[in-house]
Amino acid sequence: MSIVAVQLGQCGNQIGREVFNTICGDVRGTHGLCSKKENEAYHDACTERFFSEAESGVPIARAVLVDMEPKVISQTLSIAARSGHWKYDDQSHFCQKQGSGNNWANGYSVHGPRNKEVIMNLVQKEVEKCDRLSGFFTIMSMAGGTGSGLGAFVTQCLRDAFPTSFILNHVIWPYGTGEVIVQNYNSVLTLSHLYQSSDALLVHENDVIHKICAQLMHIKQISFRDVNQVIAHQLGSVFQPAHTAEAGLHYSRNPLGDLMETLVPHPEFKMLGLRNIPQMPENSLAFSSFSWPGLLKHLRQMLIANAKMEEGIDWQVQPPCPGNSISSSHSTNKLLHFNTSIANLVILRGKDTHSVDLGSFRDPSLYTSWLNPQDAFNAWKTPRAFNKYEKSASLVSNSQFLLKPLDSVVGKAWNMFASKAYLHQYTKFGIEEEDFLDSFTALEQVISSYTNL
């Protein structure tokens, strides 16, 4: 089954290009470290998932590109075409001459309705090229106007037009220090609207990826391209084909469906985080060797201590002991650092995955009490290595990982709202105070639900 990517705004289009680049590079690579038959099955499953075949023999990405300014889209199209290994369809993009001015309301209330028909026609054409549609993968930022506002509008349109297809929104969380003065407003409005129409939100935080570039990849002058390549690597490690428990020896046919079934057992909990291990500069790979027990020990501690990368993990954090009543304030404080999960998915790629012991991820104390740990944890595996890593593990987690950043964004937005700062910029495009209040209420409910796990 195929996935149609919808790349929205500058951020969405630049990340989307890196994702297809990473996937194509991985499939073309001779570093699979597996049998020829396995490699061919992997190649076929990946191509069906992400690319349609062109007469020229160059795979065409299953994607629709949308931006309100032409510059980024024309760059994205030409860079992809120049690679010679894959390209976008020349007819699958839409842009205007004028952006959304970092205003969510402009993207949502003006550009969205005005251009709905053209954008949805492009999506429909892309869907018709698929033999079977698994769903949509939208890529967008929360800070600006087009990705966030138009992105929220397009997601609602996708939900209306394709009620039975899965929609996964990939959302870039803005830098805490601030990219745009109204980014917290834009973020609150985006998240609350996506929560209504999306099946799940897969979140990457710019601050976290920046740290990975600096501390793990050892990049001195970090550019957006560096950040986007790390994000693309992490996304590729999840979306490339893998064997699910149900599929047995065949690659999963319904990637988005399998992901949702595994990780989103309740519509109140839709926030997914992604961790990937190991991550290092390519020139260090030849001098490194990894064992599965070592990788998984780090990955599990990253999960429970809510560490986003393998450096600087707090090894003091431990799951609560079963039957231990949390009465004293000391133990409560200790447990505040513990990241409770609803569901986790571990994806293993590379040598000897069949013999890996994943028992530590099935520990009932990692999970909320209302879900059976056997249902809450799943593992996908493939002997095919990913992106030159002999062994690599990814963890997609539905947990409390985003509570702190979410609480911070809502708090900052509320402080601005209470003093009516910049509200006139939104009301002139038809977003009233009641809309803000509805969004605050929706996100307070999400925060409350995750806090009480």
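The values are calculated or read from the model by the stated rules, or taken from the named source; none is laboratory data. Just so you know, these numbers come straight off a predicted model, no measurement behind them. Reconstructed Cβ throughout: ideal geometry from the backbone, glycine too, with neighbour counts over all protein chains shown. Protein only, heavy atoms only, side chains kept; ligands, DNA and RNA dropped before computing areas. Shrake-Rupley method; radii C 1.70, N 1.55, O 1.52, S 1.80 Å.
Residues of region 368-405 being in a loop (DSSP other than H, G, I, E, B) and in contact (Cβ under 8 Å) with a residue 24 or more places away in the chain, which ones?
So the first thing to find is which residues in region 368-405 are in a loop (DSSP other than H, G, I, E, B), and the list is 368-372, 383-385, 387-388, 390.
If the condition is that a residue be in a loop (DSSP other than H, G, I, E, B) and in contact (Cβ under 8 Å) with a residue 24 or more places away in the chain, then 368, 371, 383, 384, 385, 387, 388, 390 are the ones that fit.
Name the single residue, out of those in region 311-331 being open to solvent by less than 50 Å² (accessible area, probe 1.4 Å) and over 26 Å from residue 387 (Cβ atoms), that is modelled with the lowest pLDDT. Working first, answer last.
Going through region 311-331, the residues open to solvent by less than 50 Å² (accessible area, probe 1.4 Å) turn out to be 313, 317, 319-320, 331.
Filter again for over 26 Å from residue 387 (Cβ atoms), leaving 317, 319-320, 331.
Details: 317: 88, 319: 86, 320: 81, 331: 44.
Here the residue is 331.
Quick check on region 114-148: of everything there that is out of contact with any His (no Cβ under 8 Å at 6 or more places or on another chain), surrounded by 24 or more Cβ atoms within 10 Å (Cβ to Cβ) and aliphatic (A, V, I, L, M), which residue is modelled with the lowest pLDDT?
Among those that are out of contact with any His (no Cβ under 8 Å at 6 or more places or on another chain), surrounded by 24 or more Cβ atoms within 10 Å (Cβ to Cβ) and aliphatic (A, V, I, L, M), it is 143.
Going through region 35-85 one residue at a time, which ones are open to solvent by 40 Å² or more (accessible area, probe 1.4 Å), in a loop (DSSP other than H, G, I, E, B) and either more than 23 Å from residue 253 (Cβ to Cβ) or at pLDDT 95 or above (or both)?
Passing the criteria: 55, 56, 57, 69, 84, 85.
Could you pull out the residue among 297, 334, 308 that is over 26 Å from residue 192 (Cβ atoms), open to solvent by 30 Å² or more (accessible area, probe 1.4 Å) and at pLDDT 80 or above? Outline the logic, then answer.
On the way: 334 fails: at pLDDT 80 or above; 308 fails: over 26 Å from residue 192 (Cβ atoms).
On inspection, the qualifying residue turns out to be 297.
Somewhere in region 379-388, is a residue farther than 30 Å from residue 22 by Cβ, in contact with a helix residue (DSSP H, G or I) (Cβ under 7 Å, 6 or more places away or on another chain) and not assigned by the TED database to the domain that holds residue 192? I'd like the intermediate steps shown before the answer.
Pass one, region 379-388, residues farther than 30 Å from residue 22 by Cβ: none.
No, there is no match, as no residue in region 379-388 is farther than 30 Å from residue 22 by Cβ, in contact with a helix residue (DSSP H, G or I) (Cβ under 7 Å, 6 or more places away or on another chain) and not assigned by the TED database to the domain that holds residue 192.
Small (Gly, Ala, Ser), open to solvent by 40 Å² or more (accessible area, probe 1.4 Å) and in the same structural domain as residue 441 (by the TED database): which single residue out of 369, 408, 360, 355 fits that description?
Within the list 369, 408, 360, 355, the selection yields 408.
Would it be correct to say that residue 212 is at pLDDT below 95, among the aliphatic types (A, V, I, L, M) and open to solvent by less than 10 Å² (accessible area, probe 1.4 Å)? Show your work before the answer.
Working: at pLDDT below 95: yes; among the aliphatic types (A, V, I, L, M): yes; open to solvent by less than 10 Å² (accessible area, probe 1.4 Å): yes.
Judged against the criteria, residue 212 is a match.
Check off (1) more than 23 Å from the chain's Cα centre (by Cα); (2) assigned to a helix (DSSP H, G or I); (3) of a type in the set (Gly, Ala, Ser); (4) over 25 Å from residue 427 (Cβ atoms) for residue 109 and give me the number that stays unchecked.
Of (1) more than 23 Å from the chain's Cα centre (by Cα); (2) assigned to a helix (DSSP H, G or I); (3) of a type in the set (Gly, Ala, Ser); (4) over 25 Å from residue 427 (Cβ atoms), only one is false for residue 109: (4).
Out of the residues in region 419-436 that are open to solvent by less than 70 Å² (accessible area, probe 1.4 Å) and outside any loop (DSSP other than H, G, I, E, B), state the one that is nearest to residue 188 (Cα to Cα).
Residues of region 419-436 that are open to solvent by less than 70 Å² (accessible area, probe 1.4 Å), as a first pass: 421, 423, 425-427, 429-431, 433, 435-436.
Among the residues that remain, those that are also outside any loop (DSSP other than H, G, I, E, B) are: 423, 425-427, 433, 435-436.
On the way: 423: 14, 425: 15, 426: 13, 427: 16, 433: 13, 435: 11, 436: 8 Å.
Among residues in region 419-436 that are open to solvent by less than 70 Å² (accessible area, probe 1.4 Å) and outside any loop (DSSP other than H, G, I, E, B), the one nearest to residue 188 (Cα to Cα) is 436.
Considering only region 384-394, how many residues are at pLDDT 90 or above and open to solvent by 20 Å² or more (accessible area, probe 1.4 Å)?
Summing the residues that are at pLDDT 90 or above and open to solvent by 20 Å² or more (accessible area, probe 1.4 Å) in region 384-394 gives 1.
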